[in-house]
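To start, the structure under review is shown below, and the notes come after it.
The values are calculated or read from the model by the stated rules, or taken from the named source; none is laboratory data. All values derive from a computational prediction rather than experimental measurement. Here the Cβ positions follow ideal geometry from the backbone for every residue, glycine too, while neighbour counts run over all protein chains shown. What goes into the accessible areas is simple: the full protein's heavy atoms, side chains included, and nothing from ligands, DNA or RNA. Shrake-Rupley method; radii C 1.70, N 1.55, O 1.52, S 1.80 Å.
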Amino acid sequence: MSDPRIRRIRPADVPATVRLVEELAEYERARHECGLTEEQLHHALFRDAPALFGHVAEVDGAVVGTALWFLDFSTWRGTHGIYLEDLYVRPAHRGGGLGKALLRALAEECVAHGYARLEWSVLDWNAPAIGFYRSLGAVPQDEWTVFRLTDEALTRLGSPPPERDG
């Protein structure tokens with residue numbers, strides 16, 4: 001095995017990255033919720049003003065891990081941060097430092113651009129990931145609860161109210 005390489009995602013990496021996201025969804029027991037297409041990911045990453053960014057872990061010319069992220073903003077800190085949407089390394093390549101290297105690349109982005117934080121979410125049952133994150137010095141934000149609007153609830157809230165007669 002050659003030395004692994006962490007680099008920014010390129011258009012040619014999109015198909016492999018979609019497969020990695022699908023594998024992550026399977027691992028998280030939610031494959032039925034993952035409908036990401038190559039076209040969607042390519043558009044998000046490579047349009048004129050991208051809203052999504054990514055890095056990949058490459059071993060022997062094959063993409064075996066990914067970190068997909070976007071900028072958020074802390075009003076309390078007055079600066080941007082990075083929100084890590086997905087971090088995934090194929091099981092056969094775990095334990096060799098690729099996950100840490102991907103996180104290091106994002107930390108380097110933060111340091112280089114003066115971003116105040118690097119954040120992500122992890123499922124409560126994912127003990128291996130939680131242990132890994134704690135080993136890096138990451139601290140859980142247990143006092144916060146994530147809320148999410150999707151599907152019908154999002155449409156209902158985001159649609160204009162029906163017109164009233166009269």
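Within this structure, Arg29 fails the test of being at negative phi, among the basic types (Lys, Arg) and exposed (fewer than 12 other Cβ atoms within 10 Å of the Cβ). Going by the conditions given, is Thr66 open to solvent by less than 20 Å² (accessible area, probe 1.4 Å) and polar (S, T, N, Q)? Criteria met by Thr66. The condition of being more than 22 Å from Ala105 (Cα to Cα) and of a type in the set (Lys, Arg) holds for Arg29. The set of residues from the stretch 129-162 being within 26 Å of Tyr27 (Cβ to Cβ), part of a loop (DSSP other than H, G, I, E, B) and not β-branched (Val, Ile, Thr) comprises Leu136, Gly137, Ala138, Pro140, Gln141, Asp142, Trp144, Phe147, Arg148, Leu149. Quick check: is even one residue across the stretch 91-106 open to solvent by 100 Å² or more (accessible area, probe 1.4 Å) and over 16 Å from the mean Cα position of the chain (by Cα)? There is at least one residue in the stretch 91-106 that is open to solvent by 100 Å² or more (accessible area, probe 1.4 Å) and over 16 Å from the mean Cα position of the chain (by Cα).
The lone criterion from (1) touching a Leu at 6+ places or on another chain (Cβ under 8 Å); (2) touching a residue at least 40 places away in the same chain (Cβ under 8 Å) left unmet by Tyr83 is number (2).
Within the stretch 122-150, residues that are open to solvent by 70 Å² or more (accessible area, probe 1.4 Å) and among the polar types (S, T, N, Q) reach no partner that is modelled with pLDDT under 95 and part of a loop (DSSP other than H, G, I, E, B) with beta carbons closer than 8 Å at six or more positions or on different chains.
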